[in-house]
1. So the label point goes 7 Å from the Cα of residue 190 along Cα→C-beta, right? Which residues of the range 329-349 then have their backbone N under 17 Å from it?
2. Can you list the residues, at least 5 places off or on another chain, whose amide H is less than 5 Å from the amide H of residue 50, using H built in the peptide plane?
3. Using Cα pairs under 8 angstrom and six or more residues apart, how large is the relative contact order of the chain, in percent?
4. How much area per residue is accessible in the chain when the probe is 1.4 Å and only protein heavy atoms are counted (Å²)?
5. Taking a ≥ b ≥ c as the square roots of the eigenvalues of the Cα gyration tensor of the range 219-297, is the shape rounded (a/c under 1.5), prolate (a/b larger than b/c) or oblate?
6. Of 531, 92, which has the most accessible area and how do the rest follow, probe 1.4 Å?
7. May I ask you to derive the relative contact order of the range 383-574, considering only C-alpha pairs under 8 Å and at least 6 residues apart, and to give it as an integer percent?
8. About the Cα centre of the range 142-283, what is the dipole size in debye to 20, counting +1 per Lys and Arg Cβ and -1 per Asp and Glu Cβ, all else neutral?
Amino acid sequence: MSITLLFSVLLCAAPLRPALGAPAVDVSSRVESLLGKMTLEEKFGQLQQLDGDAGGDARPEHFELAKKGLLGSTLNVRGAKRVNELQRAAVEHSRLGIPILFAFDVIHGYRTVFPVPLAEAASWDASAVERAAAVAAAEAYAAGVRWTFAPMVDVARDPRWGRIVEGSGEDPFLGAVMARARVRGFQGPRLGDPGRVAACAKHWAAYGAAVAGRDYNTVDVSERTLREVYFPPFRASAEEGVASFMSAFNALNGIPASADRWILTDVLRGEWGFDGLVVSDYTSVQELIAHGFARDGAEAARLALSAGVDMEMVSRLYNEHGPGLMESGGLSQQALDEAVRRVLRLKFRLGLFERPYADEQAEAGVLLSTEHAAAARDMAVRSMVLLKNDGSLLPLGDDRRTIAVVGPLADDRAAPMGSWTGDGRVEDVVTILEGIRARAGARRVLHAQGCGVSDPAAGGIDEAVAAARQADVVIAVVGEDAAMSGEAASRSTLDLPGRQLDLLKALHATGKPLAVVLLNGRPLILNWLDENVPALLEAWFPGGQAGTAVADVLFGDANPGGRLPVTFPRALGQVPIYYAHKNTGRPPSENKYSSKYLDVPVTPLYPFGYGLSYTRFRLAELRLSARSIRPDGRLRVSVDVENTGPRPGDEVVQLYIRDATASAVRPVRELRGWERLSLAPGERRRVEFELTPEHLGALDGALRFGVEPGEFQVFVGSSSVGGLESSFEVVAY
Ligand code: GLC
């Protein structure tokens, strides 16, 4: 019997676990002692982060500023040797020797590139996600990086937004669990331990709710939606001891997030007790002017620093206008000193004063190790989602059939790495074609590109069709290229770009058995594929071990067990579409006058939590430990899971609740727990969950509304649709 204690990710009452590191009293006294020695110029210098070039070099100016003690932090500067060169300028040549904090976007791997975060979330395996972050931290640390701008914990429900790839999808509960896992992986048990880095929860707040999915666009959401949907992964990160937050680009309900005192100070520090550092996003302080919120640079600096942004990334308004603002009284000494304290506190907690330098001898042995490659391969396999499989083609097995591998992404080196590739190199990537060839052994493997990813030309389709005609089975690898995903990569459609669908239709017309592998960073519209293709595997952007992992799954060496962390719509017109929707007063029905469309069903093509397997599972015997509980009570939910199919496989058993009647209407389902378990053929296991008040209250609302008496429904299934149902009452005695 396994009890799955639901992650109390939504604990809203628990005190924050301060980012650990050196003993607090030691750090605090050292911070005060150093602060007392600093000049005004040196204080503002600590609030400045500047960027190195994309390749990792520092800029000449950085050395000048470092020697004067006026460079608090850099981003992008990396590599043990280069970091040490710049660090020596600060530590050995500046008046106070305050070390520089080296930061970098280590989002899903440093040199060993893991699957993109959306893919990792599709594994529904928090321990694998934690391990991936730990590997990334070890490699980043070896390269002199001490601070990563991750995890990105923005809930995203509009797949037009390119940055949906960077987070954990549409659900606050799944997102909160993954946020915790990544913070733990990056920071380890003690902030400052060798091989670990400071993490950064971003982008605070609600960046994923950009209107129309257009990056950097306005966000307007109610406080209730903020607290119930967008805040929980951030709160979970803070509870997990994340060392820093990054303020977002977007305006939130009219106030730019990088100058919004309510989120930066009242909620983050006042309500949640966060004592870490807040860094702006890239020039987001300066962008207060473009927002129409600050008249000029001086006002932007004053507004941002006073609201609670401690460190300014890349723009230099704090340094340009700070001393003048102090002079004029626009900025208080208290506000300045508090920001500097937070920077120094992080540097002390990280042990930078004791260990400011990277070990140049150790670096090469850590990057791209075989263990790290194995972890990336395993993560990629665990993240893949089998969307369709009629059993006629997959798994390929080991017969002699000739395989044609076609499509623009079959041999593409860049796409598998996705966006935010850290220090990954395309030459390290195993392409899908290479992985299939390596696994196919003596079997003939043909290849033809067929068409480009997005170019309108379709000259190669005939060549791909010819290859298909010579083969027994066809594997088509299509989707998006890496540039279509990530920051500043919003798309106005969710269709397969270019002529890829024409390629698939031409291949389908040959009558050859066709399996499609998708490389993409967002939900796509896949109606034709769902209707016509016997096998469809969502591989996302699977990282450096893409080809090996895809081959593992295609040949059946691994049984796919991933589940969707985000809904796949039937039409763009359904967006935003997500499982945790409200019921409305006229839920969809045969009645014309109910909430639906004239031209498409209201259901998605593939729902949140969905994924198939090469085997089959059956759930039975749903049991509740009680039929009624007090508002402060706990309830156990258990179910039998059986592998009724021919091969071992993983099932992800998901637990959802619905507060059927509440003082503010609640979604028709809300994820409150899951377990991914491996079962042999015929094996049956009982899975247990525990529902606590934190899971029954309205997420962050549990702080205020508690658990309301009334009926709660319980659903346990293999996705957010269907499953076994039961109910219980919360009774206020
Ligand atoms: C970018 C992104 C942010 C990233 C930062 C530094 O614009 O918004 O996620 O960490 O700048 O690269």
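The values are calculated or read from the model by the stated rules, or taken from the named source; none is laboratory data. Everything numeric in this text was worked out from a predicted model, so none of it was measured. Neighbour counts are summed over all protein chains in view; Cβ atoms, including those assigned to glycine, are modelled from backbone coordinates with ideal geometry. Note: areas computed on protein heavy atoms with side chains; ligands, DNA, RNA excluded. Shrake-Rupley method; radii C 1.70, N 1.55, O 1.52, S 1.80 Å.
1. Under 17 Å, as judged by backbone N against the label point of residue 190, lie 346-349 of the range 329-349.
2. It is 73, 74, 75, 314, by chain and number.
3. 15 percent
4. Solvent-accessible surface per residue comes out at 34 Å².
5. In terms of gyration-tensor shape, oblate.
6. 531, 92
7. Relative contact order, the range 383-574: 35 percent.
8. Approximately 360 debye in magnitude.
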